[in-house]
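Okay, structure first, notes after.
The values are calculated or read from the model by the stated rules, or taken from the named source; none is laboratory data. These numbers come from a predicted model, not from an experiment. With ideal geometry, Cβ positions are generated from the backbone for all residues, glycine too; neighbour counts draw on all protein chains shown. The area values use the complete protein model at the heavy-atom level, side chains included, leaving out ligands, DNA and RNA. Shrake-Rupley method; radii C 1.70, N 1.55, O 1.52, S 1.80 Å.
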Amino acid sequence: MSKAHRREKQPEQVRRSLLDHAARCAVDEGLGSLTLQAVADAASVTKGGLLHHFPSKQALIEAVFEDLLGKLDMEIDRLMSEDETGRGRFTRAYVDAFFQVTRDGIESPWAALSISCMTDARLRQIWSEWMRDRLARHAQTDSHPAFKLARYAADGIWLANLMEADGLPAKELAELRDHLQGLTKQE
């Protein structure tokens with residue numbers, strides 16, 4: 001084979017493309033309808049190429065979930081770096097991050113994956129480990145019951161927004177976010 005017909009291998013770019021396309025397919029088709037072939041086609045790789053990176057559909061779904069958690073982690077860290085008040089900083093960032101996802105509604109890759117988290121034990125375990133780690137890191141500043149209430153409420157609002165046919169009105173979401181943020185600023 002001549003050099004003209006050889007394609008340079010770029011495993012990290014291929015992996016990134018597969019993760020992005022799998023997340024998009026999960027939004028477009030629903031996680032139950034996601035197929036390895038559809039993801040491979042969308043990413044312009046062979047199914048064998050996909051299986052080189054992810055040996056099963058479950059491995060691909062878990063990798064997409066972990067990738068989204070990594071993005072959430074970075075966004076929370078970014079929001080925390082902009083917050084000058086230590087007490088409740090993680091909770092405020094968590095609430096803001098989830099309200100960003102909430103505004104995306106069903107169009108967010110989190111929609112399909114988070115709903116699946118309710119029935120998939122491994123995804124629940126990944127989420128629980130992530131949350132346990134974050135709470136341990138911020139135990140000194142974010143263990144107050146009002147902060148727990150704000151985080152649980154943000155999760156519930158996110159879920160309620162997904163269940164509404166057209167989502168919750170933007171004004172109502174903004175008011176709820178502001179109210180939850182207020183819980184983190186009380187003494």
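Using a cutoff of 8 angstrom between alpha carbon atoms and counting only pairs six or more residues apart, the relative contact order for segment 14-109 works out to 28 percent. Stretched out straight at 0.36 nm per residue, the stretch from residue 66 to residue 175 would grow longer than its current Cα-Cα span by 36.2 nm. Computed from Cα atoms, the angle from the helix 170-183 axis to the main principal axis of the chain rounds to 60 degrees. For log10 I(q)/I(0) by the Debye sum over Cα atoms at q = 0.08, 0.10, 0.14, 0.15 Å⁻¹, the candidate list reads (i) -0.26, -0.41, -0.82, -0.95; (ii) -0.22, -0.34, -0.68, -0.79; (iii) -0.32, -0.48, -0.84, -0.93; the entry that matches the value derived from this model is (iii).
For the chain, averaging the sequence separation of C-alpha pairs within contact (under 8 Å, six or more residues apart) and dividing by the residue count gives a relative contact order of 22 percent. Once all protein chains are placed together, residue 133 keeps about 70 Å² accessible to a 1.4 angstrom probe. Label segment 104-187 by shape, choosing from rounded, prolate and oblate, from the square roots a ≥ b ≥ c of the eigenvalues of the Cα gyration tensor; if a/c is under 1.5 it is rounded, and otherwise prolate applies when a/b is larger than b/c, oblate when it is not. Oblate shape, in that a/c is at least 1.5 and b/c is the bigger or equal ratio.
Computed extension gain for residue 57 through residue 185, at 0.36 nm per residue and net of the alpha carbon distance, reaches 41.8 nm.
Highest mean first, the peptides 54-63, 136-145 sorted by other C-beta atoms within 10 Å per residue fall in the order 54-63, 136-145. Rolling a 1.4 Å probe over the protein chains gives residue 172 an accessible area of about 80 Å². Helix 57-81 axis versus longest C-alpha principal axis of the chain: approximately 40°, rounded to the nearest ten.
Please give the FRET efficiency for residue 24 paired with residue 127, using the beta carbon to beta carbon distance and R0 = 22 Å, rounded to the nearest 0.05. Efficiency at R0 = 22 Å is approximately 0.55. Label-to-label distance for residue 13 and residue 118 is 4.0 nm, based on points extended 7 Å past Cα in the beta-carbon direction.
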